[in-house]
Amino acid sequence: MTVSVGLNLVYGVMRIVNYSQGELLMLGMYLSYWTFVFTGLDPYISIPVVCAILFAMSLLLHKYAVEPLLKLPYECQVVTFVGLIYIFQNGALLLWSPNYRSVIIDFVSKSITILSVNIPIGRLIATLASITAAFVLYLILKKTTIGLFIRATSQDPTAASMMGIDIKKIRLLTFALSSAMMGIGAGIMLPLYYVFPFMGNFYTIIALIIITLGGLGNFIGTILSSFVIGITEAMVGTYISPEIALAVAFVVFIFILFVRPSGIMGE
Amino acid sequence: MKLEKGVRFLLLLSLLIVILVIPLLPLPLYVFHVIIILFFNAYLCTAWVIVGGFAKQVSLGHSTFVGIGAYSIGVLLSLFNLTPILGGIVGVLMTVCVALTLGYPCFRFGVRGPYFTFATMALAEVMYYVVVSLRGITGGALGIFIPPGVISSLLLLNKKIVSYYIIVVMFFFALFLARKIQHSKFGYYLTAIREDEDAAEACGVDILKYKLVALSLSAALTALGGAFYAIYYSYITPDGVLGLAVSFQIATMSLAGGAKFWFGPAVGALLITPFTETVRSMLGGRFVGVPMLLYGVLLLIVARAAPDGVSGFISSFLGRSESAGNTESYERH
């Protein structure tokens, strides 16, 4: 969910689809993995550190790779982001080998029982944390001046720049903010899932599906559709087969595109 | 700087002779393999450009078509003992059906730009998971092995040399087709769609029809490429022919080469394949990620330095108006 919220933010403000968002998540997960290995810091506690590193890194990324793209046609954006995907994936492969890694924390694998339903603590934390993160982001966007600037830039960059908003800075900030969101995602996912160099694509696609379902720039929609996709996947996965579950989710997505060619809240 | 007709003819002739003679040279097997793969990539990219470049419907789902082409040979062979030639034909027909099933609703309901890309990406993933989950038919993640007896009865002599000539013929056919299309009325319609879909529609271009034709044609050619893959490797796995990685390769090579020109994708594949393969063989087994990492860096540089791809560079350098598109009026919408 945090992946889709981050991706949504970037698309809303920059009209650029960051196809390498999933790779940023992968990077974040490796960062928190290594923090755990070297300092023994719990992935949950190292979230701020990971966020800060991703934030700083994406400032550079934005300056040298993404910003020049705004003037270029769509194909160039695709080429650049696929290039970035290659760089991240293979850089990770080179540095950290293709092994699957994860962090095991005792209390995460335990579960608590509410109303005779067993809920694993790790997943509970993940759900709560991503909702909180999405909500905080929502508040930032709605209630603060920066949020106002971001929304203005997203609605009409030209008008926003005429009102004296430094849209370059806002774009930079948005991109970095969305990468920092990946840090949160990384911290809560590491105790639950494995991290490996080629994990990113999958999350990017899931996130694309979710934001298209929920409507671009629409946070409540994003959160709701995260649940819809998650539940569909779990149901089909449990009753039929896990691979078919993903296929079904993607087919549903294609159909929704037919009905709403540019997403549910499309222009 | 238009070349004289006679000089051009001589150049083409010498190129043809070089291409025909290559398999007779005592090349190491690996180099020969790379040359075959080079033509294979160039072929796939040229097929891709018909829809992805001329009409700018950026598809990241072409691995689906490669996969169907390859798998229909494998599956029909293993289940019904059908000869790969028939399997290939079935594969092409099936691919066209799939392309139309995705393309018609997409184009009919106006799924455009990034959204079309999403839809094709989703298609690629659907296909991947379907193939992996149908273990009884497709062999799941393990793939299908095509027995060598079948291949040798099909290709008669030396497998590699015959494969080489087949893929060379396929490549030149696709190149010729792409060139013909770009300079035909159909090609101009596609260019109009690329530059501005709404304007093209307003001018009376039947965008639905032309986009569909371009997509099916491109898909059919790609499926043939998949069929070649199945026969050449005689081993098909989901990771080899399906999934996003394959699509990314095809699309980025074409785009880096220059997707507005009929010769662009071929140039891209001809430059990039030797580059990654050379790096790979130089490094040997060490530093597994490096070739693709460098490829990624290369893509970033190309996207920045030459938005129209390497061919855009070449053609503006030569000052030829080979392209049907006008580069100046290119703005972000």
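Brief remarks follow.
- The set of residues from segment B:281-300 being within 22 Å of the chain's Cα centre (by Cα) and either more than 7 Å from chain A (Cβ to nearest Cβ) or acidic (Asp, Glu) (or both) comprises B:Pro291, B:Leu294, B:Leu298.
- Filtering B:Ser78, B:Ser59 for residues that are polar (S, T, N, Q), under 28 Å from B:Pro274 (Cβ atoms) and at pLDDT below 85 leaves a single hit, B:Ser59.
- From the list B:Ser254, B:Ser281, B:Ser315, the one residue that fits, being in a helix (DSSP H, G or I), polar (S, T, N, Q) and modelled with pLDDT of 80 or more, is B:Ser254.
- Residue selected from segment B:108-133 under the condition of a type in the set (S, T, N, Q) and open to solvent by less than 10 Å² (accessible area, probe 1.4 Å), by the criterion nearest to B:Ser216 (Cα to Cα): B:Thr120
- For segment B:232-240, the count of residues that are within 11 Å of chain A (Cβ to nearest Cβ), more than 12 Å from the chain's Cα centre (by Cα) and within 28 Å of B:Leu86 (Cα to Cα) is at least one.
- Failed item, numbered, when A:Val103 is tested on (1) surrounded by 24 or more Cβ atoms within 10 Å (Cβ to Cβ); (2) at pLDDT below 80: (1)
- Scanning segment B:75-126 for residues that are in contact (Cβ under 8 Å) with a residue 60 or more places away in the chain and farther than 30 Å from A:Asn18 by Cβ yields a total of 14.
- So B:Ala214, is it without any contact (Cβ under 8 Å) to a residue 40 or more places away in the chain, open to solvent by less than 10 Å² (accessible area, probe 1.4 Å) and part of a helix (DSSP H, G or I): no
- So B:Arg112, is it closer than 24 Å to A:Val248 by Cβ, within 11 Å of chain A (Cβ to nearest Cβ) and of a type in the set (Lys, Arg): no
- Members of segment A:123-135 found to be surrounded by fewer than 17 Cβ atoms within 10 Å (Cβ to Cβ) and closer than 21 Å to A:Met29 by Cβ, listed by number: A:Arg123, A:Leu124, A:Thr127, A:Leu128, A:Ile131, A:Thr132
- Residue list for segment B:251-266, filter: within 11 Å of another protein chain (Cβ to nearest Cβ), of a type in the set (A, V, I, L, M) and closer than 15 Å to B:Ser218 by Cα: B:Ala251, B:Ala259
- Qualifying position, being crowded, with 23+ Cβ neighbours inside 10 Å, within 22 Å of A:Pro197 (Cα to Cα) and at the interface with another protein chain (Cβ under 9 Å from one of its Cβ atoms), among A:Val50, A:Val82: A:Val82
- Qualifying positions in segment B:134-144 - within 12 Å of chain A (Cβ to nearest Cβ) and open to solvent by less than 20 Å² (accessible area, probe 1.4 Å): B:Thr138, B:Gly140
- Test: residue in segment A:32-44 that is aliphatic (A, V, I, L, M) and either in contact with a Cys (Cβ under 9 Å, 6 or more places away or on another chain) or free of Cβ contacts under 8 Å to residues at least 24 places away in the same chain (or both): yes
- Test result for B:Phe171, in contact with a Lys or Arg (Cβ under 6 Å, 6 or more places away or on another chain), in contact (Cβ under 8 Å) with a residue 24 or more places away in the chain and either over 30 Å from B:Tyr30 (Cβ atoms) or in a helix (DSSP H, G or I) (or both): no
- Pair list, Cβ under 6 Å, 6 or more apart: segment A:162-175 residue touching a residue at least 12 places away in the same chain (Cβ under 8 Å), other residue outside any loop (DSSP other than H, G, I, E, B) and open to solvent by 50 Å² or more (accessible area, probe 1.4 Å): A:Ile165/A:Phe149; A:Ile167/A:Ser161; A:Ile170/A:Phe149
- Single residue of segment A:85-103 satisfying the filter (among the aromatic types (Phe, Trp, Tyr) and closer than 15 Å to B:Ala245 by Cβ) that is farthest from the other protein chains (Cβ to nearest Cβ): A:Phe88
- In summary, A:Leu41 fulfils each of the numbered conditions (1) modelled with pLDDT under 80; (2) assigned to a helix (DSSP H, G or I); (3) away from every other protein chain (no Cβ under 11 Å) with the single exception of condition (2).
- Matching entry among A:Leu70, A:Leu25 (being part of a helix (DSSP H, G or I) and within 14 Å of another protein chain (Cβ to nearest Cβ)): A:Leu70
The values are calculated or read from the model by the stated rules, or taken from the named source; none is laboratory data. Since the structure is predicted, the reported quantities are computational estimates derived from the model, not experimental observations. Please note: Cβ atoms are built from the backbone with ideal geometry, for glycine as well, and neighbour counts cover all protein chains shown. All accessible areas refer to the heavy atoms of the entire protein, side chains included, with ligands and DNA or RNA removed. Shrake-Rupley method; radii C 1.70, N 1.55, O 1.52, S 1.80 Å.
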